[in-house]
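Take a look at the structure below.
The values are calculated or read from the model by the stated rules, or taken from the named source; none is laboratory data. The structure displayed is predicted, hence computed values, not measured ones. Using ideal geometry, Cβ is built from the backbone for each residue, glycine included, and neighbour counts are taken over all protein chains shown.
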Amino acid sequence: MRPRLLLFCAAAALLASCRDERIATYRVPKDAPSPAVSTPATAGTSDITWTLPAGWTTQPDPSGMRKGSFLVSGTGDAKADMSVTVFPGDVGGDLPNVNRWRGQVGLPPIDDATLAQTVQTIDAPAGKFSFIELSGVNAAQKTVRMLGAWLQQPDRRWFFKLLGDDALVTTQHDAFFAFLKSVSFAAVPAVSGPVKAQSTNDLPKAPFAPFAGGAMPDTNAVPAPVDSSATPTPPDSVPQASLTWTAPADWQAKPLGQMRLGSYGVSGDAGNADISIIAFPGEAGGLLPNINRWRGQLGLAPLAEADLAGTTTALDGADGLHFTVVDLTGQAAGAPARMLGAILSFGGQTYFFKLTGPDALVARAKPAFLDFLKTVKAP
Amino acid sequence: MHDLLKPFVRFFVSLRLTVVLLVFSILLVFLATLDQVHLGVWGIQHKWFFTFIVVQSVNGFPVPVFPGGYFIGGMLLINLIAAHVYRFKFSWKKSGIWLAHIGVILLIASQFFTGLMQRESQVQFNLGETKHYSEDFLLDELAVIDATDPKFDDVVAIPESLLARDEPIQHPKLPFRIVTRLYYPNSVVQMRSQAPNAPLSPATMDIGTQVAVTPQPITYKPDEHNMPTACVELIGPEGSLGIWLVSPWIEQSQAFDYAGRTWQLVMRSKRYYTPYAMTLLQLKNDVYPGTDIPKNFSSQVRIHDEAKGDRDVLIYMNNPLRYGGLTYYQYQMNKANGLSVLQVVRNPSWRLPYLACLLVALGLVIQFGLHLIGFIRKRSAAVKT
């Protein structure tokens, strides 16, 4: 009896300890894109049109994220894949994207100087496309060629990529250029509010906010993810999912890029300063790690918890919002730099307001920055 | 009985053992409640209750500090059964005690089964969206998807816990093995332009080369979710295919071609697929007239089940849907964004506690009833004499 019992206990312990450790395999229908995500995004398919070159056929979209997906077939099993994608902002700029593409054809990264020599410009009715041609050996040890082009619009960047068999792609130059020249856009609809990104690679998922004790869930219990809203020039008073603010008159609104909720620039004799507003769910690691992250950006040594109180100041804003403000001076990109940062915890998210630039300019902009913080309001 | 067995039997049937185990149970609950400050409600369940021995890390070394919930519960169960078998002899007069004890045994066993088999997850969908899976609240997985088929995805889902181990992962359905080169159980991923001074990650492929990863302390708060990041190297027979950075921060899958097939990599909340799908048709957020005080939250969903046909159901507060062995509760809602979240609970043994309580109640009623009848008989006999 007892050995059986022991065996049962051991089996139960084994079950309990490894029940989540197994690799699962299954076949499932492909995910349909979420309607909420696709509503503004599929506007892209209606606001972009093109003429398909001869020999190009439409193919299913393996990722579900493409605006256009085409297959070019050559002799034998030679194939090339053409994709059209769009992302909000500038997606990190030219260099990271070119280096990402270079990685896909097994080429090492390049620097800005080399980039300038490799990128060509193509004038087309839709605008000036940047074009690059790459050839290398991919992960499967096959020689491949890529024709890549991108078009920067004020709020988004379009990518056109033909990748496949080296010899086949070489024969597709004219077709590729003809395709780019056939691209046209319908008038971009007026942006009345933040445009939900079609797909960004850095959208955090909504944090969980379980309601406890049988209480009714808050209608805002699921905060909108940090979203790269893509308004080309955000108005001075930006309606956000949760917070609103009013930027000073001398701050110039900038494209929001991938992660910013607000993005501004301020200029002076000393140069330019950058103001960013971002948010992360929860505490985003807490006060100290974030301040130390900022200190790291200015080449300053990290602080201990005990030193925190001496380096931060509290600022009471509107609607009972409490900011923790730091003023840091150090080095960035080899030049003296100063950063004013404010951290605010609100609605299950942590907001980071940051002004970075040359010392003199930041010193001059400091009162405006602190006044700006006081304009931040809860909805 | 063999003389050697007698001390064991005496030990397992003793009432003293019962008392000691009950005291340990009380202490277990008390200490686990205190530890909740550090580990949160999820963490302590695994550390204190769903374990045989509670292990505390002292200077990095695991030290057993207390018997765990499984041990105490298991011992109580053995104690109860042993005492029952050893001491009680069945008779109709004691049938109530028998029933009550079987009820208590069932109650302990049901908790054990619940601990083993209960699973909580959520379905998060927008208006009009159809989902045929729910997602785990806590666990993440690396999905390696063979997306070559235009209609179907062949998924190999690797639990995050396997990535955390420093061991290569091999699976018969994958033409490459997966080696974890970096793993953070909680992290923040930013575009590199936002954190220019952050150290480079080992990633060589796709978006991984453009982002910066900052490790974060593990969170145990019930309203926060750890966001792991891993850099995984895929190695085929002819060598490395590259290193990809995967994290729930990167929602879009990263695609590449290998061995004549199109593959996608994505780290996401662990998914539990169901043989049916659900579409969110309508959501309602009623308030009391003239106020902003919420009165009711409800989601109207359509179940698409090939076996049973389509069916529309309304899920609202305190009125869950029980379907396919799962219970769907209205959990969260954001009407402005057309988003509804249902909590999905799988607990195959959910009926056992009810049955156990019924048995205990029935046993007590019978036992006290028999006593009462005996007492009344004696009394009436005494009155007659």
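Below is a table of values for the structure above.
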{"read-out": "Set B:T214, B:T209, B:T204, B:T262: member being surrounded by fewer than 17 Cβ atoms within 10 Å (Cβ to Cβ) and at the interface with chain A (Cβ under 7 Å from one of its Cβ atoms)", "value": "B:T262"}
{"read-out": "Residues (buried (at least 20 other Cβ atoms within 10 Å of the Cβ) and outside any loop (DSSP other than H, G, I, E, B)) located in segment B:217-240", "value": "B:T229, B:A230, B:C231, B:V232, B:E233, B:L234"}
{"read-out": "Residue tally, condition acidic (D, E) and surrounded by 15 or more Cβ atoms within 10 Å (Cβ to Cβ), over segment A:90-148", "value": "3"}
{"read-out": "Residue match in segment B:34-56 (condition: in contact with a strand residue (DSSP E or B) (Cβ under 8 Å, 6 or more places away or on another chain), farther than 29 Å from B:D136 by Cβ and part of a helix (DSSP H, G or I))", "value": "no"}
{"read-out": "Residue, nearest to B:Q254 (Cα to Cα), within segment B:142-170, restricted to residues that are among the hydrophobic types (A, V, I, L, M, F, W, C) and at the interface with chain A (Cβ under 7 Å from one of its Cβ atoms)", "value": "B:A147"}
{"read-out": "Filtered residue count, segment A:95-114, keeping only those that are assigned to a helix (DSSP H, G or I), charged (D, E, K, R), under 18 Å from A:G136 (Cβ atoms) and more than 9 Å from chain B (Cβ to nearest Cβ)", "value": "1"}
{"read-out": "Those residues of segment A:334-343 which are crowded, with 21+ Cβ neighbours inside 10 Å and modelled with pLDDT under 90, in sequence order", "value": "A:A337"}
{"read-out": "Subset of segment B:299-352 (residues that are assigned to a loop (DSSP other than H, G, I, E, B) and under 23 Å from the mean Cα position of the chain (by Cα))", "value": "B:M317, B:N318, B:P320, B:G324, B:G325, B:N347, B:P348, B:S349, B:W350, B:R351"}
{"read-out": "Test: residue in segment B:241-248 that is over 29 Å from B:L138 (Cα atoms), without any contact (Cβ under 8 Å) to a residue 24 or more places away in the chain and assigned to a strand (DSSP E or B)", "value": "no"}
{"read-out": "Condition check for B:T130: over 24 Å from B:V266 (Cα atoms) and under 28 Å from the mean Cα position of the chain (by Cα)", "value": "no"}
{"read-out": "Residue ID - surrounded by the fewest Cβ atoms within 10 Å (Cβ to Cβ), chosen from residues in segment B:330-385 that are under 30 Å from B:F125 (Cβ atoms) and of a type in the set (A, V, I, L, M, F, W, C)", "value": "B:A336"}
{"read-out": "Candidate set from segment A:272-291 (those that are crowded, with 19+ Cβ neighbours inside 10 Å and part of a helix (DSSP H, G or I)); member that is modelled with the highest pLDDT", "value": "A:I291"}
{"read-out": "Residue tally, condition touching a Pro at 6+ places or on another chain (Cβ under 9 Å) and not in a strand (DSSP E or B), over segment A:73-94", "value": "2"}
{"read-out": "Index of the failed condition, A:G74 passing every other in (1) under 22 Å from B:Y258 (Cα atoms); (2) within 11 Å of another protein chain (Cβ to nearest Cβ); (3) modelled with pLDDT under 85; (4) crowded, with 16+ Cβ neighbours inside 10 Å", "value": "(2)"}
